[in-house]
1. Would you be able to tell me the number of residues in the range 114-123 that are open to solvent by 60 Å² or more (accessible area, probe 1.4 Å) and modelled with pLDDT of 95 or more?
2. Among the listed residues Val78, Val83, identify the single one that is under 15 Å from Ile135 (Cβ atoms) and without any contact (Cβ under 8 Å) to a residue 12 or more places away in the chain.
3. Within the range 124-144, take every residue that is free of Cβ contacts under 8 Å to residues at least 40 places away in the same chain and open to solvent by 70 Å² or more (accessible area, probe 1.4 Å) and give me the one that is farthest from Ser69 (Cα to Cα).
4. Tell me the strands (runs of 3 or more DSSP E) entirely within the range 47-144 that contain at least 3 residues that are within 17 Å of the chain's Cα centre (by Cα).
Amino acid sequence: MTIKIAVVALEYALLFCICAFIYKTMRAMYGDLHDKAYEETKVTVNKKVALVILQSYDEKLVNKRILFSDMLTLGRGVDNNIVLADAYVSHHHAVISPVKNQYQLEDLHSRNHTYVNEKVLLGKIFLQNGDIIKIGTTVFKFER
């Protein structure tokens with residue numbers, strides 16, 4: 001009787017070891033795939049782009065380059081990444097977001113609109129190298 005119990009216990013121990021091995025192998029494979037997927041995303045998103053200030057109410061800001069790779073918020077509110085103390089700029093005026101390997105500009109229903117290449121932006125647009133963005137009295141050039 002005790003030998004039978006010992007054999008059953010050994011069978012369960014062996015089954016447990018096999019399950020643990022399969023679990024660890026699957027977890028390692030998932031981790032590798034997960035890391036590779038995010039590495040590829042980081043490579044495309046981490047490329048720095050810039051906004052160059054061409055014209056501004058504050059002459060000290062002209063020709064300043066603002067490098068970024070993540071989402072960038074623009075507006076009069078102090079919680080924005082770029083704060084524009086301009087009466088023609090809304091509290092939360094616009095946002096530039098990375099989308100795959102491009103950058104998308106969205107006007108956040110501002111009162112005085114956002115302009116891209118002298119045209120009113122309605123909704124969203126993918127930015128191209130050299131696009132001119134006007135928010136209030138500030139004019140930016142988008143560089144990739």
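1. Of the residues in the range 114-123, the ones open to solvent by 60 Å² or more (accessible area, probe 1.4 Å) are 115, 117-120, 122.
With the extra rule that they be modelled with pLDDT of 95 or more, the set shrinks to 115, 117-120.
Selection size over the range 114-123: 5.
2. Working: Val78 fails: under 15 Å from Ile135 (Cβ atoms).
That would be Val83, the only listed residue that is under 15 Å from Ile135 (Cβ atoms) and without any contact (Cβ under 8 Å) to a residue 12 or more places away in the chain.
3. Residues of the range 124-144 free of Cβ contacts under 8 Å to residues at least 40 places away in the same chain: 124-131, 134.
Adding the requirement that they be open to solvent by 70 Å² or more (accessible area, probe 1.4 Å) leaves 124, 126, 128-129, 134.
Numbers: Lys124: 18, Phe126: 15, Gln128: 15, Asn129: 15, Lys134: 20 Å.
Among them, the one singled out is Lys134.
4. Details: elements: 49-55, 65-68, 72-75, 94-99, 102-107, 114-116, 124-126, 132-135, 138-143.
Of the strands (runs of 3 or more DSSP E) lying wholly inside the range 47-144, those with at least 3 residues that are within 17 Å of the chain's Cα centre (by Cα) span 49-55, 65-68, 72-75, 94-99, 102-107, 124-126.
The values are calculated or read from the model by the stated rules, or taken from the named source; none is laboratory data. Note that the structure is a prediction, hence the values are computed from the model and not measured. Backbone-built Cβ (ideal geometry, glycine too); neighbour counts: all protein chains shown. Ligands, DNA and RNA are excluded from the accessible area calculation, which covers all protein heavy atoms including side chains. Shrake-Rupley method; radii C 1.70, N 1.55, O 1.52, S 1.80 Å.
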